[in-house]
Amino acid sequence: MAPGESTSRCICFFPKKYHFFHQPDATNSTRVCTIIKCELPLPRPGQMIYGEVSAREYPLYSRRDVSRALRMPYSTLCWWLKRNHRRSLISISPYDRALNFLQLSEAFAIAYMRRNLGVSLPKIRLASEYLKKNLGIPYPLINPEIRVGTDVYFEQAREILLRASGHGQVESEEPIGEYISRIDFEEGGLPDVVYPWIPGRERKRKSVQINPRIRFGQPTIAGTGISVAVVQDRYEAGESPEDIAASYEISYARVEDALAYAA
């Protein structure tokens with residue numbers, strides 16, 4: 001760079017670490033971006049990496065992104081977000097078009113209650129609003145205390161949900177605990193990583209993760225920065241799962257899980 005030229009610098013986090021340098025072109029004043037690899041520490045859970053907004057609160061996802069990531073109908077998600085003379089089922093501003101990681105996590109919880117427990121939307125709303133009102137928790141359905149919390153309000157919310165599902169075993173952490181076990185939480189009790197279920201695989205397997213600090217929150221193979229979408233693209237282009245696994249130096253089973261999730 002010539003002496004006296006000014007640059008603006010921003011940092012964007014990918015699985016590998018990079019600096020982005022922007023400088024004006026001398027001929028047409030367009031901005032040229034040079035990418036230089038550097039050694040930067042990966043952000044810690046909850047660390048601010050999008051200005052003053054934490055990764056989990058940044059609107060990373062379109063509604064299509066969320067419906068694909070959670071393998072649910074797009075129309076269903078839109079219905080949950082719709083406001084009919086009351087608050088939407090998922091906590092979102094009426095002015096927001098994109099969703100953040102916390103809202104994706106909330107949709108993950110609601111989808112489980114609907115699919116696996118058969119709890120009606122009014123009962124889910126009742127339990128959620130009950131906890132918000134009495135405890136002031138913005139995302140109560142994805143609070144780890146919903147699983148086995150001894151607070152009377154959480155016990156009452158579990159009773160609402162379990163009675164609506166027909167299980168009726170309020171003292172048991174299951175089946176409520178099953179979806180909570182698919183979420184990693186930070187110390188403050190907020191979701192940090194979601195592990196969506198993979199069709200046709202053992203329900204306890206956590207081969208795919210959604211982490212707002214990796215790949216801008218898109219699904220990746222757990223423990224790596226390998227995009228599930230990229231694995232699917234390579235497979236559809238004719239590469240075998242064995243070759244893909246070898247190129248990434250991961251197990252064949254993890255590639256198969258990623259393909260099953262993306263199918």
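Looking across the stretch 221-230, just one residue is touching a helix residue (DSSP H, G or I) at 6+ places or on another chain (Cβ under 6 Å) and free of Cβ contacts under 8 Å to residues at least 24 places away in the same chain, and that is S227. The residues on offer are D257, D243, D233, and the sole one that is free of Cβ contacts under 8 Å to residues at least 24 places away in the same chain, under 30 Å from P59 (Cα atoms) and outside any loop (DSSP other than H, G, I, E, B) is D233. Across the stretch 208-225, the number of residues qualifying as within 16 Å of D184 (Cβ to Cβ) and assigned to a loop (DSSP other than H, G, I, E, B) comes to 8. Per the conditions (1) over 22 Å from L117 (Cα atoms); (2) out of contact with any Phe, Trp or Tyr (no Cβ under 9 Å at 6 or more places or on another chain), the sole criterion not satisfied by K204 is (1).
Every read-out reported here was derived from the displayed coordinates using simple, explicitly stated rules and does not represent laboratory data. Computed from a predicted structure; not experimentally measured. Ideal geometry is used to build each Cβ from the backbone, glycine not excepted, and the neighbour counts take in all protein chains shown.
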